[in-house]
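Read the figures in this text as sums done on the coordinates, not as results from a lab. Since this is a predicted model, take the numbers as computed values, not measurements. We place every Cβ from the backbone using ideal geometry, glycine too, and count neighbours over all the protein chains shown.
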Amino acid sequence: MSSNAVGVKIKNVSKTFPAYGNKSKEIYAVKNVSIDIEPGQLVTLLGPSGCGKTTILRMIAGFLIPTSGEIYIGDKEVSKVPPNKRNVGMMFQSYALFPHMNVYDNVAYGLKLKHMDKNEIKDRVENILSLMQIGDYKNNMPNELSGGQQQRVALARAVVTEPSVLLFDEPLSNLDAKLREYMRGELRKIQQRVGITSLYVTHDQSEAMAISDKVIIMRHGMIEQVGTAMEIYSKPRNVFVADFIGKANFVKVDEVKDISNGYANIVLFGHEMNITAAENCKDAESFTCMIRPENIVITPDGRFTALVTAKAYFGQYVQYMLNINGQDIELMDFSQTNTNISEGDKIRVDVMESSLRLIASDSKKEC
Amino acid sequence: MEAVASVEKTKFSRRWDMKRKEFLMLLRQPGLLLAVLIVFAILFLFCVYPLIRLFISCLTDESGNINFNNIRYIFTKTDYFRAFWNSIKLGAFVGVFATIVGYIYAFAIKRTAIPGKKFFNMMAMFPILSPPFVISLAVILLFGRSGIITKNILGIEGNNIYGFTWLAIVQILSLFPLSYLNISGMLESLDSSIENASRSLGASRLKVFLTVTVPLSLPAILSSLLIVFAKSLCDLGNPQVLAGDYNVLSVSAYLQIVGLYNLKTGSLIALTILLPCMLAYIIQNYWVSKRSYVTITGKATGQVELITEPHIVIPLFIILVLLTAFTILMYGTVIYVSFVKTWGVNWTLTLDSYKFILKRGANAIKDTLFLSAISTPVTAQLGMLISYLLIRKNFIGKKLMSISTILPFAVPGIALGIGYIVSFNTKPLLLTGTAFIIITAMVFRTLSIGVETGSNSLRQVDPSIEEAATVLGASNVRVFFNISLPIMKSALFSGLVNTFVRSMTSISAVIFLVSVNWNLLTVSILSEIESQRMSAACAYCVALMVLVVLAIAVLELLVKQIFGRRRKIYE
């Protein structure tokens with residue numbers, strides 16, 4: 001099936017809505033966004049609520065018409081095709097199972113609309129139900145199923161018609177944390193097995209990082225960064241991305257000596273070091289250094305002296321709030337070998353230079 | 001300056017571009033387009049066109065030339081101004097007092113621990129479910145010239161009850177339930193923790209009531225005032241029976257047409273009722289309802305702490321008991337008199353009146369049942385379709401569609417009825433005298449109830465359920481029939497009861513539409529009252545009420561039978 005998967009392209013798409021209370025004003029929900037999803041890939045749109053990610057998803061589904069720009073599914077421009085003729089599959093936050101139909105009829109609904117032969121419908125439905133491990137429930141009504149089971153029915157219903165693209169609208173947000181983690185693994189497994197091009201919308205960064213080939217970070221209707229989970233985490237393009245993905249300390253640097261080829265030579269807390277630099281540093285005037293809390297280590301031969309101002313135990317790690325040269329810095333200690341440190345102590349710490357990143361600090365003003 | 005202008009222009013053209021895209025999208029969905037067009041055609045023909053024709057017919061003479069003789073006539077030859085002020089005075093008085101009574105009723109039931117809430121609630125529904133002039137009929141029987149209380153008990157001869165006082169009392173009694181429903185809905189959704197907050201800051205119960213509860217329920221109070229005002233103005237049944245010399249607009253319009261065969265002046269008077277009524281509805285819909293402080297969060301508002309202090313509960317309880325006792329007395333009188341041989345002369349109990357109405361009114365009973373039974377499902381289906389379009393779809397002219405559905409409900413029934421006569425009395429739309437014209441009048445008069453019920457049930461359905469069907473390839477038509485309709489149906493059935501009852505008890509819209517072939521119970525009741533056959537009128541009333549109750553029971557049973565299992569699933 002994966003051989004006939006098609007790509008999805010969005011070209012310079014914008015969507016405006018009339019401003020609330022002032023209809024003559026237009027507000028951009030999505031501003032000049034281009035996305036390229038390769039056949040069979042799973043791409044995630046990640047961003048805070050109101051960043052326009054769901055708007056993009058709904059434009060691909062056809063529930064919203066873009067104000068300008070083009071949407072391609074395969075080679076076909078679809079922005080004027082009604083949603084029922086686009087051949088997309090969709091998973092909804094609320095599952096959206098038909099409450100008046102049993103599991104079998106829910107899954108068979110899309111196939112019946114295609115006027116498929118009865119026996120073939122039966123084969124396909126039973127196949128997909130057993131693939132999803134819900135074959136035993138085919139005669140149950142949706143309200144008789146658990147959340148995870150409803151989720152599987154919704155997925156079965158979405159993929160059974162072999163759509164050219166599968167859209168996920170925060171499908172796991174109604175599940176409890178444990179089940180969510182399990183189901184995202186299942187979703188990814190089935191998506192890869194079926195080989196279907198997918199776009200996944202979420203505001204949960206760990207979910208995005210766990211399942212996607214590519215993550216797109218959005219803010220204010222625009223794309224902030226595109227890349228693999230690792231690229232985005234280790235090489236954020238600006239302060240927003242660095243702050244949004246994972247935790248980050250932003251530390252003032254004493255001096256920036258040189259920036260070239262994505263690297264910078266800086267002086268931090270009186271020590272010179274070589275770290276990576278974001279592209280936006282080129283013409284910037286002020287800078288900040290990103291330090292992930294897990295990249296600071298407590299070691300007796302550390303270069304910096306830190307005052308411990310607070311300590312909290314989280315099981316997996318111990319969190320220390322440090323003060324180095326007057327700057328507040330958070331440290332996560334996963335090794336937990338230094339059990340005798342307490343508030344008010346002075347300790348020696350060091351950083352892993354390769355994980356530090358110089359970012360232009362005025363980039364927040366970009367929007 | 002120029003730059004600003006060009007920005008404005010691009011904004012405008014962008015919006016225009018969106019409209020064009022939406023329109024193109026609509027063209028690609030033939031089912032939806034067809035549905036929108038058909039609904040518009042139907043609404044125009046039966047909701048808008050009759051009112052336009054009514055308007056035109058008032059301002060033209062027989063040959064169709066514009067002429068203001070009618071206007072001159074009603075202002076000079078008739079008692080128009082007095083009737084106008086009488087109507088407004090009555091409406092304002094009834095509006096204020098019905099709202100006060102409704103507020104007391106609602107507050108007692110929703111905020112205090114009075115006993116018998118279910119009973120009181122049911123009693124408040126009675127005037128809504130019963131034929132319009134049962135209360136005026138009972139007032140004549142009890143307090144009239146040969147009234148049971150005035151003449152037989154108090155010994156007063158020739159007590160004159162015709163006029164403002166009793167008309168106002170009757171209207172207050174029959175309209176306060178509207179105000180009660182409106183306000184109790186508001187009190188229910190008013191988060192009582194706000195009241196608790198005020199109380200914990202040291203306010204007394206009275207202070208809380210005056211500074212928190214009343215100001216917060218002001219929108220409901222205003223909207224109740226306006227609705228009752230409009231209803232009082234449009235009411236034909238009660239003034240027709242009770243107004244006497246106190247001339248009001250609806251009765252003058254009716255008399256111009258029925259008494260003087262003067263359709264045009266009658267229409268013009270009806271049209272002048274229409275204006276204040278519409279104004280009240282517009283203010284209510286577009287101004288008051290936007291001022292609501294109630295936020296619907298979907299969360300259950302916390303447990304309401306009911307007032308238990310006896311000095312509050314006991315007086316409220318007494319008021320409610322008196323009010324319901326009066327209502328019971330009214331209905332009891334009507335039932336009692338229906339068994340009396342000749343009211344005022346011979347008090348022996350017989351079944352004569354029932355024999356009489358079965359002989360003379362058998363057709364009216366059959367027709368009423370038949371016409372209501374046809375119009376109700378039509379209203380329901382049309383209401384569901386329109387609410388689906390309004391809530392779920394985007395198309396040009398949506399507001400117009402929504403207003404058109406409210407129009408026949410907001411205008412006085414008498415204006416709608418006259419509009420139907422002037423519109424549908426020539427070929428190709430020669431409908432006068434047929435069952436069809438009565439059915440359409442019933443359907444479109446109650447359509448807004450169907451749309452309202454449909455919209456409410458649709459709002460509770462997650463739209464993504466329909467979207468799920470759409471992305472699977474279902475067209476709009478299929479989504480409506482496969483998904484929306486089956487899900488809405490069970491909830492909508494309760495709306496059916498309401499529509500059915502309204503159709504059965506309607507009078508003002510259909511009074512001009514009945515004919516030799518098709519007669520209605522309400523019209524028969526009125527004519528029996530006018531010819532002073534009180535026992536027969538009462539028997540008709542009782543028959544109508546019994547039919548209504550039976551119909552509700554049957555519908556309930558049907559709902560349980562058909563949707564009982566399913567309804568559980570949705571909840």
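For the pairs A:11/A:76; B:21/B:393; A:25/B:19; B:21/B:398; A:80/A:214, note any where the Cα-Cα span goes beyond 18 Å. Check vs 18 Å cut-off fails for A:80/A:214. In summary, the aspartates and glutamates within cross-link reach of residue A:282, defined as a Cα separation below 17 angstrom excluding same-chain residues under 8 places away, comprise A:255, A:258, A:362, A:366.
For the pair residue A:105 and residue A:4, a Förster radius of 25 Å applied to the C-beta separation gives a FRET efficiency near 0.35, rounded to the nearest 0.05. Between the amide H of residue A:45 and those of A:200, A:201, A:202, A:216, distances stay under 5 Å, these residues lying 5 or more places away or on another chain, with hydrogens modeled in the peptide plane. Relative contact order for chain B: 20 percent, from Cα pairs under 8 Å spaced at least 6 residues apart, divided by residue count.
Relative contact order for segment A:248-366: 32 percent, from Cα pairs under 8 Å spaced at least 6 residues apart, divided by residue count.
Only Lys, Arg, Asp and Glu carry charge here, each on its Cβ (+1 for the first two, -1 for the last two); on that basis segment A:248-366 has a dipole of about 160 debye about its Cα centre. Placing +1 on the Cβ of every Lys and Arg and -1 on the Cβ of every Asp and Glu, with nothing else charged, gives the protein assembly as shown a dipole about its Cα centre of roughly 2900 debye. Taking amide hydrogens as placed 1.01 Å from N in the peptide plane, the amide H of residue B:156 sits under 5 Å from those of B:151, each at least 5 positions away in sequence or on another chain.
Amide hydrogen proximity for residue B:60: with H placed 1.01 Å from N in the peptide plane, the residues at 5 or more positions away or on another chain lying under 5 Å are B:67.
Summary: within chain A, the longest segment free of GluC sites (Glu not before Pro) located in DSSP loops with at most 11 other C-beta atoms within 10 Å is A:1-284. Projecting the Cα positions of B:375, A:288, B:537 onto the charge dipole of the protein assembly as shown (unit charges on Cβ atoms of Lys, Arg, Asp and Glu, taken about the Cα centre) puts B:537 furthest along the positive direction.
Please say if segment A:191-337 is rounded, prolate or oblate, where rounded means a/c under 1.5 for a ≥ b ≥ c the square roots of the C-alpha gyration tensor eigenvalues, and otherwise the choice is prolate for a/b larger than b/c and oblate otherwise? Taking the square roots of the gyration eigenvalues as a ≥ b ≥ c, segment A:191-337 is oblate. Put a plus charge on the Cβ of each Lys and Arg, a minus charge on the Cβ of each Asp and Glu, and nothing anywhere else: the dipole of segment A:2-234 about its Cα centre is then about 560 debye. Computed 3J(HN,Hα) for segment B:310-321, one whole-Hz value per residue from the Karplus formula 6.51 cos²θ - 1.76 cosθ + 1.60 where θ = phi - 60°, is x, 5, 9, 5, 5, x, 4, 4, 4, 4, 5, 5, glycine and proline marked x.
Applying the Karplus relation 6.51 cos²θ - 1.76 cosθ + 1.60 with θ = phi - 60° to segment B:242-252 yields 3J(HN,Hα) values of 10, 5, x, 7, 6, 6, 10, 4, 4, 5, 4 Hz, where x marks Gly and Pro.
Report summary: the helix-based calculation at 222 nm, which adds -39500 (n - 2.57) for every DSSP H run with n ≥ 4 and divides by the residues of the protein assembly as shown, gives -17000 deg cm²/dmol. Couplings 3J(HN,Hα) of segment B:519-529, computed from phi: 10, 10, 4, 4, 5, 4, 4, 4, 5, 5, 5 Hz, in residue order, whole Hz [Karplus 6.51 cos²θ - 1.76 cosθ + 1.60, θ = phi - 60°; x for Gly and Pro].
Contact order for chain A, expressed relative to its length and based on alpha carbon pairs under 8 Å spaced 6+ residues apart, stands at 16 percent.
Annotation for segment A:248-330: trypsin sites (Lys or Arg not before Pro) lying in DSSP loop with at most 10 further Cβ atoms inside 10 Å of their Cβ are A:282.
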